[in-house]
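The values are calculated or read from the model by the stated rules, or taken from the named source; none is laboratory data. The structure presented is a predicted model; accordingly, all values stated were derived computationally and were not measured. Positions of Cβ are generated from backbone atoms using ideal geometry, with glycine treated the same way; all protein chains shown enter the neighbour counts. Please note that ligands, DNA and RNA were not included when accessible areas were found on the heavy atoms of the full protein model with its side chains. Shrake-Rupley method; radii C 1.70, N 1.55, O 1.52, S 1.80 Å.
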Amino acid sequence: ENDDASSSVMLKSFTEATSIKVEYEPGIDSNDTFWTKYQPTLAKGDGIGEDIVVLTSWMAAQFIAAGYAQRFDTSAFPNKGNVLSSKADPPWDPGRAHSIPWAVGQTGIAYIPSKVGKKIESISDLLDPALRNRVTILDEWRDTVGLFMIDLGFDLTKATVDEAKQAIAAIKKAHDGGQFRKVAGNSYTDDLQTGEVWASIAWSGDIATLKKSVPEVEFVLPAKGAMSYTDNALIPIGAKNPRGAAMLLNHLYDP
C-alpha cells in the first residue's frame, strides 16, 4: 500500500486492533533478485527475518514447491474464505493453503506527458526515436516479453516459443540501439520521479502510489491488450510470529 508503514491505513488499523506493531520493508526489487539473495538461507531451513513476503504468482509457486512457505494457521485467518473465487484455488497452491493475494493489478505503460510531448498508447510508441535513452523496461521478463508479444499481434493464450522469440528479438534490437535507459525492477519509479526516465513499462499499483508525489504521471493499458498480475503474501519458514502474520492477513481480508 505504501513504502512508509507509519502512514499505512491498513497497518495502523491492524496495530490499533491487535496491539501488534508491524515493520514494513519494501526490500524486494524483483522476484529473481529476491530468490538469489534468500534461497541459500531458506534451503538450509533457516528464517530470513521476515514473517511475510509478497511475491508474484510464478515465484510464489516456486517458493511453495521448494517447501519454503508455511501453511496458514486458519484459526487466526478465518477471513481467508473472502478471497475472490477466481483466485481461490490455483494449481500451484490448492485451496490457498500457503498463499493469499495481496494485490492484483495490470502491467501497462507509465509516462510523463510534459516530457514525452504526446500520448503514449502502445508498446510501439515506446520505440519512438524521440524517446531514445528515456525508456525503462521491466526485468520481470514475463511482463515485458508478454507486452511485446501482444503488441506484435500474438494471442498469449495460444502463444508459441517462436512468437516469444520474435518479441525477444524486437526487444534486443531496441536495446542494442540504445532505446532503453534501464532494465529495472521496482526501482523504475524512482527514475520516473526524478525525470531521468520519461516512459516505462509499469505496474498499476506502483503508479497509483507514485501519483501522490508525481500527479502528472499517466498510466495506460495498451489498446491491443495488457498483462495482469497477482502478488501473493506468504509466511516463510523460520518466521518468528506466524500467527501474528496470519492475523495481519486476516485483517487485510476483513471487508
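Between Val214, Val197, Val183, which is open to solvent by less than 60 Å² (accessible area, probe 1.4 Å), in contact with a strand residue (DSSP E or B) (Cβ under 7 Å, 6 or more places away or on another chain) and of a type in the set (A, V, I, L, M)?
Val197
Does Ala239 fit the bill of being open to solvent by less than 10 Å² (accessible area, probe 1.4 Å), at pLDDT 95 or above and closer than 23 Å to Thr18 by Cβ?
No.
Check off (1) surrounded by 12 or more Cβ atoms within 10 Å (Cβ to Cβ); (2) outside any helix (DSSP H, G or I); (3) out of contact with any Asp or Glu (no Cβ under 6 Å at 6 or more places or on another chain); (4) not charged (D, E, K, R) for Leu248 and give me the number that stays unchecked.
Going through (1) surrounded by 12 or more Cβ atoms within 10 Å (Cβ to Cβ); (2) outside any helix (DSSP H, G or I); (3) out of contact with any Asp or Glu (no Cβ under 6 Å at 6 or more places or on another chain); (4) not charged (D, E, K, R) one by one, Leu248 breaks only (2).
Output the residues belonging to region 150-159 that are open to solvent by 50 Å² or more (accessible area, probe 1.4 Å) and of a type in the set (D, E, K, R).
Asp155, Lys158
For Leu126, work out the one condition from (1) in a helix (DSSP H, G or I); (2) open to solvent by 80 Å² or more (accessible area, probe 1.4 Å); (3) under 20 Å from Gly225 (Cβ atoms) it doesn't fulfil.
Evaluating Leu126 over (1) in a helix (DSSP H, G or I); (2) open to solvent by 80 Å² or more (accessible area, probe 1.4 Å); (3) under 20 Å from Gly225 (Cβ atoms) leaves (2) as the failure.
Would you please list the contacts, defined by Cβ atoms under 9 Å and residues six or more apart or on different chains, that run from a residue in region 130-149 that is in contact (Cβ under 8 Å) with a residue 60 or more places away in the chain and surrounded by fewer than 21 Cβ atoms within 10 Å (Cβ to Cβ) to a residue that is part of a strand (DSSP E or B) and small (Gly, Ala, Ser)?
Filtered contacts from region 130-149: Asp139/Ala184.
Please verify whether region 160-177 includes one or more residues that are among the polar types (S, T, N, Q), surrounded by fewer than 17 Cβ atoms within 10 Å (Cβ to Cβ) and touching a residue at least 24 places away in the same chain (Cβ under 8 Å).
Among the residues of region 160-177, not one is among the polar types (S, T, N, Q), surrounded by fewer than 17 Cβ atoms within 10 Å (Cβ to Cβ) and touching a residue at least 24 places away in the same chain (Cβ under 8 Å), which makes the answer no.
Results for (1) farther than 30 Å from Asp93 by Cβ; (2) out of contact with any helix residue (DSSP H, G or I) (no Cβ under 9 Å at 6 or more places or on another chain); (3) at pLDDT 95 or above, shown as yes or no for each residue.
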residue: Leu152; (1), (2), (3): yes, no, yes
residue: Ala167; (1), (2), (3): no, no, yes
residue: His175; (1), (2), (3): yes, yes, yes
residue: Ala202; (1), (2), (3): no, no, yes
residue: Ala208; (1), (2), (3): no, yes, no
residue: Met227; (1), (2), (3): no, no, no
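Residue under question is Asn232, and the condition is that it be within 14 Å of Val104 (Cβ to Cβ) and open to solvent by less than 50 Å² (accessible area, probe 1.4 Å); does it hold?
The answer is yes for Asn232.
Take residues that are open to solvent by less than 70 Å² (accessible area, probe 1.4 Å) and within 28 Å of Leu147 (Cα to Cα) and tell me which of the helices (runs of 4 or more DSSP H) falling wholly in region 1-118 contain 3 or more.
Here the list reads 31-43, 57-65.
Check region 95-103 and report whether any residue there is more than 30 Å from Asp51 (Cβ to Cβ) and at pLDDT 95 or above.
Scanning region 95-103 turns up no residue that is more than 30 Å from Asp51 (Cβ to Cβ) and at pLDDT 95 or above.
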